[in-house]
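Chemist: My questions all concern the structure below.
The values are calculated or read from the model by the stated rules, or taken from the named source; none is laboratory data. As the structure is a prediction and not an experimental result, all values here were calculated from the model. Heads up, the Cβs are rebuilt from the backbone with ideal geometry, glycines too, and the neighbour counts pull from every protein chain shown. Surface accessibility is based on the protein's heavy atoms, side chains included, excluding ligands, DNA and RNA. Shrake-Rupley method; radii C 1.70, N 1.55, O 1.52, S 1.80 Å.
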Amino acid sequence: MDKVFIEGLEIEALIGIYDWERRIRQALVFDIEMSFDNRIPAASDAIEDTLNYKAVSKRVIEFVSGSGFGLVETLAEKVAAIILDEFAVSHVRLKLSKPGAVRGARAVGVIIERSAATLAR
Ligand SMILES: Nc1nc2c(c(=O)[nH]1)N=C([C@H](O)[C@@H](O)CO)CN2
């Protein structure tokens, strides 16, 4: 299956389990790959036929900016569910990086893959 991707989408959010983290906003980075049949927009050359990566990005930014979860696992799960629920995507791979959270590591985080058919709600 073809993919549409969003790479390095940086969003500031309230995230973390420690008291000091509940008082600040931290940068998070999303890399998202979404299954989509790109042959249809390729044939029509019409934006309406695409999985519009700008529209997906705007929705993710809106949700993440207003969120305040403790774990990156929780946030990743919610974002994957939004993409599967609100866009014509059957499968999503999402990497959520928290840069600078661990001294000596460029980033830490999670990678999840979810399908519309198997999504736990
Ligand atoms: N698997 C996880 N481990 C940790 C998380 C997390 O969300 N998932 N969070 C933290 C702290 O918030 C950390 O990022 C602060 O440096 C620790 N481990």
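Chemist: Per-residue ellipticity at 222 nm for the chain, helices alone: DSSP H runs ≥ 4 residues times -39500 (n - 2.57), over residue total, nearest 500 deg cm²/dmol?
Modeler: Theoretical 222 nm ellipticity from helices: -8500 deg cm²/dmol.
Chemist: By average Cβ neighbour count within 10 Å, what is the ranking of 15-25, 57-67 from highest down?
Modeler: So the order, starting with the most tightly packed, is 57-67, 15-25.
Chemist: Any idea of the accessible area per residue across the chain, 1.4 Å probe, to the nearest Å²?
Modeler: Ligands and nucleic acids excluded, the result is 61 Å² per residue.
Chemist: Hey, can you grab everything whose amide H is under 5 Å from the amide H of Gly70? Only 5+ residues off in sequence or another chain; H modelled, so Pro and N-termini drop out.
Modeler: Sorted by chain and number, the residues that satisfy this are Gly16.
Chemist: What's the FRET efficiency of Ser57 with Glu113 using the Cβ-Cβ distance as r and R₀ = 22 Å, to the nearest 0.05?
Modeler: So the FRET efficiency works out to roughly 0.65.
Chemist: What percentage of the solvent-accessible surface of the stretch 1-68, computed with a 1.4 Å probe over protein heavy atoms, is contributed by carbon and sulfur atoms?
Modeler: The C+S portion of the solvent-accessible surface of the stretch 1-68 is 52 percent.
Chemist: Sticking with this one: Report the far tail of the P(r) of the chain, meaning the percent of Cα-Cα pairs longer than 23 Å.
Modeler: 32 percent
Chemist: Also: Using alpha-carbon positions, what is the distance between the centroids of the stretch 38-54 and the stretch 57-117, in Å?
Modeler: When both Cα centres are located, 24 Å separates them.
Chemist: Under a Cβ-only charge scheme (Lys and Arg +1, Asp and Glu -1), can you give me the dipole magnitude of the chain about the Cα centre, in debye to the nearest 20?
Modeler: Using only the charged Cβ atoms, the result is roughly 500 debye.
Chemist: Return the long-range amide H neighbours of Ser90 (sequence gap of 5 or more, or a different chain), with a cut-off of under 5 Å between placed amide H atoms.
Modeler: Ser35
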